[in-house]
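Read through the structure below, which is laid out as C-alpha cells, and then see the notes.
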Amino acid sequence: MAQTVHRTDDVHPLIEPIADHVLSTERHENAPAVVIRADEVQTVLSTLKENIGLDHCACVTAQEYADRFETIYHLRRYADPTQELSVVVPTPRESPSSESAAPVYPTAAWHEREAYDLVGIEYADHPDLRRILLPETWQGHPLSRDYNQDQPQIVSFREHERLLEDRREGPETMHLNMGPHHPSTHGVLHLNAQLDGEQVAAVDPDIGYIHRCEEQMCQQGTYRHQIMPYPDRWDWGGAGLLNEWAYARAAEDLADIEVPAYAQIIRTMGGELSRILSHMLAVATYALDVVGEFTATFQWGVRDRELVQDILEDLTGQRLMFNYLRLGGVAWDLPEPREAFFEKIRAFLDDLPHKLTEYHDMLTSNEILQLRTIDTGHLPPETAKAYGCTGPVARASGVDYDLRRDDPYGYYDELDWSVVTEQGGDNFSRLLVRLREVEESAKIIGQCVDLLEDWPEDDREIQANVPRTLRPDPDTEIYRAVEAAKGELGIYIRSDGTETPARFKIRGPSFSHVQALSEMARGEYIPDLVATIGSLDTIMGEVDR
C-alpha cells in the first residue's frame with residue numbers, strides 16, 4: 001500500500017535527496033520504494049546515481065494493473081548492493097508513456113525495449129525504442145491485460161529480409177550478418193555488424209530467437225511446487241542449482257521462510273559444484289572459439305564436467321536439469337553411504353589443482369590465445385557498470401562485486417574464500433577469472449564437506465516446515481538475487497494473494513553482457529569479435545528467457 005511521504009527526520013537516507021520529487025512511498029520486502037512522476041525519471045535517477053551512489057541499475061520491471069501501467073527501476077550500489085532502492089513510475093492506462101532512464105543508465109535501454117515489447121509502455125527520448133524479443137510486425141503486447149492470445153500472428157517476409165539489409169554506418173563500411181546459427185555465437189544470437197575494412201565499426205545484437213515465455217509460465221505455476229523446475233532451463237550450461245537458488249531466495253523472503261543451516265550448507269556445496277560445471281564449459285568452448293577445433297582443452301573441460309555431473313547426479317538424481325532445491329531447503333539428504341559420497345568429492349578436489357595447472361599450460365600460456373585475447377574486447381570498469389555487467393565479466397574489469405560476499409546468503413559468510421578480480425578488462429582477463437574462480441569454488445566445497453561430515457545426525461534438517469500452499473499477502477513485492485555462474489541472477493515477484501505470482505520477472509546476467517558487446521567490439525578486428533563473444537560466456541536461454 002502506497003503512503004504519502006513527509007519531510008521528517010526519519011526519511012530514509014536514500015530518499016532524502018529526492019524527497020521533493022516523491023509522490024508516495026511503498027513497502028517492498030527487499031528495499032524502500034518511492035513513486036515518482038513519469039516526466040521526472042531522468043532527474044530523479046541522475047540525483048540517485050550522482051549524489052547517493054546508486055550506480056547499478058540491476059533490473060527494470062514493467063507490469064500492468066487494472067488502473068495503470070508501472071515501471072520499476074531496481075537500483076543498487078556496486079560498492080554495497082544491500083543499499084538498494086526501487087523507483088516506481090506509474091503511467092495511466094490510456095497513455096502508458098514515461099521518460100526513458102537510458103540517458104542515466106545505458107543498461108536500461110534494452111530493459112525498456114523489453115517493457116515496450118511485452119507490456120506496451122513507451123519511453124520518451126529512448127535512443128532506439130523498438131521490439132527486442134518479438135518481430136516488429138507482432139500485433140499487441142503479450143503481457144498486457146487485453147492481449148488476445150488467440151489472434152493469428154503473421155511474420156512477413158520483410159521481417160526475414162531484415163537479416164539481409166545493408167544498413168551501413170558510412171559509405172566505406174560493409175554490412176555483415178553473423179548468426180543466428182553461426183557456431184561462434186554460443187546459441188541463436190544474430191549480430192548486425194558493420195565493417196570498416198577489417199575492423200568493426202558497429203555491432204547491433206539481435207536477440208529473441210529462443211524466447212520461450214519463461215516468465216509467463218512461472219506466473220501460471222504455484223509457488224510451492226510448480227515453479228522450481230523452470231530455473232534449470234534458463235541456463236543449461238550446468239548452473240541450474242544456482243538458478244533454482246535465485247527463485248528460492250526470492251520466494252523464501254517473500255513468504256518469510258527460514259532455511260535450516262544444514263540445508264544451507266548442502267545448497268552452498270551444490271551451488272559451487274554447479275558453478276564449476278558452468279565455468280568448465282565456458283573454458284572448454286573458449287578453447288574451440290579461439291585456439292582451434294577439437295583441442296585437448298575442450299576434451300579436458302568435458303571430462304571434468306562429467307566428473308562434476310557424476311557427483312551432482314548422486315546428490316540430485318539428475319545430470320543437468322536438477323530440480324533439487326525446495327522452498328525451505330532441499331529435496332532430500334545426501335546419498336548413502338555418505339562416506340563414499342564425500343570420498344568421491346574429495347577425490348575430485350584433490351585432482352583439481354594439477355588439472356588447473358594443465359589448463360594454464362595448455363590454454364592461458366598458449367601464445368596464439370594470448371595474441372587473440374590480451375588487449376582485445378576491452379571493457380573499462382565504468383562501462384561495465386553503466387551496462388549492468390556483473391559476475392566474471394565485471395570482475396575481470398576490476399569491479400569487485402560478488403553477491404555471495406556483499407549480500408550474503410546460504411552459508412557463504414561462514415566460510416573462508418576470496419572474490420576473484422582482474423584489472424585487464426579484456427578477453428584474457430575474463431578467462432583468468434573463471435579459472436581462478438574454480439579454485440575458490442573448490443575451497444568452498446571442501447569446507448562444506450568438512451562441515452557435513454561432522455554435522456550431528458539428529459540435527460540434519462533438510463527442509464523448514466513450509467505450508468503446502470503458499471499465498472503471500474496481496475501486493476507484496478520483492479527483488480532478490482544470487483551470484484549465479486554468469487553474474488547477478490535476480491527475481492522480482494509481486495503477489496496478489498493467490499498461490500501463483502501476479503508478476504514474475506527474471507533478470508539474467510547474460511542479457512546485460514550481450515548489450516555491452518557493442519561497446520566492447522567497436523574498433524576491434526573481425527577475429528576479435530569472435531573472441532569477445534566467447535569471453536562473455538552467454539547462454540541465450542537466459543538472455544531471451
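Observations
- Neighbourhood charge, 11 Å Cβ-Cβ cut-off, centred on GLU70 and excluding it, Lys, Arg +1 and Asp, Glu -1: 0
- The length gained on full extension between ARG303 and ALA79, counted as 0.36 nm times the residue separation minus their Cα-Cα distance, comes to 76.9 nm.
- Relative contact order (percent, whole number), the chain, Cα cutoff 8 Å, 6+ residue spacing: 17 percent
- Anisotropy class of segment 79-147 from Cα gyration tensor, a/c 1.5 cut: prolate
- By DSSP, the beta bridges lying fully in the chain are antiparallel in about 90 percent of cases.
- Counting heavy atoms of the protein chains alone, TYR411 has an accessible area of about 40 Å² for a 1.4 Å probe.
- Computed from backbone phi with θ = phi - 60° and the Karplus coefficients 6.51, -1.76 and 1.60, the 3J(HN,Hα) list for segment 253-266 is 5, 4, 9, 6, 9, 9, 7, x, 4, 4, 5, 5, 5, 4 Hz; x is used for glycine and proline.
- Segment 534-541 - phi-based ³J(HN,Hα) in whole Hz, Karplus 6.51/-1.76/1.60, Gly and Pro as x: x, 5, 7, 6, 7, 10, 5, x
- Legend: calculated FRET efficiency, THR498 to CYS213, from the Cβ-Cβ distance at R0 = 22 Å, rounded to 0.05, equals 0.65.
- Here's the picture: a label point sits 7 Å out from the Cα of LEU320 along the beta-carbon direction, and within segment 505-545 the residues with their amide nitrogen under 19 Å of it are 537-545.
- Cleavage-rule hits, chymotrypsin sites (Phe, Trp or Tyr not before Pro), segment 285-394, DSSP coil, Cβ neighbours within 10 Å at most 10: PHE294
- Contour minus Cα-Cα distance for SER97 and LYS355 (0.36 nm per residue): 87.4 nm
The values are calculated or read from the model by the stated rules, or taken from the named source; none is laboratory data. Bear in mind that the values here come from a model prediction, so they are computed numbers and not experimental data. Note that each Cβ is placed from the backbone with ideal geometry, even for glycine, and that neighbours are counted across all protein chains shown. Only protein heavy atoms, including side chains, enter the accessible area calculation; ligands, DNA and RNA are left aside. Shrake-Rupley method; radii C 1.70, N 1.55, O 1.52, S 1.80 Å.
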